[in-house]
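Visitor: Quick one: this structure, given as structure tokens, is what I'll be asking you about.
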Amino acid sequence: RLYGQTGIRASLPMWRVDPTVRSTLFNLNGLAHKVTWEAEILYSDVDQDLTRLTLYDPLDDDSIEFFRRRFLFDTFGISAGGNVPLQFDERFYAHRFNMQGWVSAPSTEIAEDLMMARLAVRQRWQTKRGMPGRERTVDWISFDVEASLFPKPGRDNFGQNLGMLNYDFRWHLGDRLALLSDGYADLFIDGLRTISAGGLLSQPGKGRVYLGFRSIDGPVTSNVI
């Protein structure tokens, strides 16, 4: 099999600092807003289709594979030995995620024709905390957003130009308490849509506790709390 990939990546960092921002309630001692805009455009070409290759290096461990076998019967009504629709096949998720472009990709079989543009914005609001004279810079809030554009949606993203939308949000209220949320969405029919939110409480030397919820909307399960 012959495979090749080319592309270009770019990033633009921006920042602003306001030392006058003070708040006892939010434990703020100055505030710096740092933003990085990222863009990547890639094109790959392969002379053999991915579906013609055996997946010798599994993408999931045994327990995940065993659990997913039930989807054949319970969700899709397919008999033993069949395959789930390609939009729910883990190989094509890894392909759309451009795992084939990783130098250390865990599976060499994941390679297919692809044209994609990935856009992302990564933000950090930072402040200083600690005893006078021993302050340290910490992330107060972080918020990352990503999306992928597919110029050939019929081939690469099951008919949708936009997909693989995701975000990650973290608000560190203090050194021991943080509010967390993340989400993901594919826009084709029955595509996975998930969102989670919760709080993480940590005590050094004793452990951590996370309380939250997760909602999943897709062909496998819906509104799981």
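The values are calculated or read from the model by the stated rules, or taken from the named source; none is laboratory data. If you're wondering where the values come from, they're calculated on a predicted model, not measured in any experiment. Cβ: placed from backbone, ideal geometry, glycine included. Neighbour counts: every protein chain shown. Surface accessibility is based on the protein's heavy atoms, side chains included, excluding ligands, DNA and RNA. Shrake-Rupley method; radii C 1.70, N 1.55, O 1.52, S 1.80 Å.
Visitor: Condition first: assigned to a strand (DSSP E or B), over 25 Å from the mean Cα position of the chain (by Cα) and of a type in the set (Phe, Trp, Tyr). Now tell me which residues in the range 2-43 satisfy that.
Guide: Answer for the range 2-43, where residues must be assigned to a strand (DSSP E or B), over 25 Å from the mean Cα position of the chain (by Cα) and of a type in the set (Phe, Trp, Tyr): just 3.
Visitor: Quick check on residue 190: is it closer than 25 Å to residue 209 by Cβ and not in a strand (DSSP E or B)?
Guide: In short, no.
Visitor: Suppose we filter 170, 122, 129 for residues that are under 30 Å from residue 19 (Cα atoms) and touching a Lys or Arg at 6+ places or on another chain (Cβ under 7 Å); which single one remains?
Guide: Every option except 129 fails the conditions.
Visitor: Given the conditions (1) more than 30 Å from residue 9 (Cβ to Cβ); (2) buried (at least 16 other Cβ atoms within 10 Å of the Cβ), and given that residue 44 satisfies all but one, which numbered condition is not satisfied?
Guide: (1)
Visitor: If only one of 56, 3 is open to solvent by 60 Å² or more (accessible area, probe 1.4 Å) and in contact (Cβ under 8 Å) with a residue 60 or more places away in the chain, which one is it?
Guide: Just one listed residue meets the conditions, 3.
Visitor: Given the conditions (1) open to solvent by less than 50 Å² (accessible area, probe 1.4 Å); (2) modelled with pLDDT of 90 or more; (3) in contact with a Leu (Cβ under 9 Å, 6 or more places away or on another chain); (4) on the phi < 0 side of the Ramachandran plot, and given that residue 98 satisfies all but one, which numbered condition is not satisfied?
Guide: It is condition (4) that residue 98 fails.
Visitor: All but one of (1) more than 15 Å from residue 189 (Cβ to Cβ); (2) touching a helix residue (DSSP H, G or I) at 6+ places or on another chain (Cβ under 6 Å); (3) modelled with pLDDT under 95 hold for residue 130; which doesn't?
Guide: Only one criterion in (1) more than 15 Å from residue 189 (Cβ to Cβ); (2) touching a helix residue (DSSP H, G or I) at 6+ places or on another chain (Cβ under 6 Å); (3) modelled with pLDDT under 95 is unmet by residue 130, namely (2).
Visitor: Here is a check on your reading of the model: is residue 125 open to solvent by 40 Å² or more (accessible area, probe 1.4 Å) and of a type outside the set (Val, Ile, Thr)?
Guide: Here the answer is yes, as residue 125 does meet what is asked.
Visitor: Does residue 51 meet the test of being polar (S, T, N, Q), surrounded by 15 or more Cβ atoms within 10 Å (Cβ to Cβ) and under 26 Å from the mean Cα position of the chain (by Cα)?
Guide: When the stated conditions are applied, residue 51 does not pass them.
Visitor: Would you say residue 163 is of a type outside the set (A, V, I, L, M, F, W, C), out of contact with any Gly (no Cβ under 6 Å at 6 or more places or on another chain), open to solvent by less than 60 Å² (accessible area, probe 1.4 Å) and in a loop (DSSP other than H, G, I, E, B)?
Guide: Spelling it out, it is not the case that residue 163 is of a type outside the set (A, V, I, L, M, F, W, C), out of contact with any Gly (no Cβ under 6 Å at 6 or more places or on another chain), open to solvent by less than 60 Å² (accessible area, probe 1.4 Å) and in a loop (DSSP other than H, G, I, E, B).
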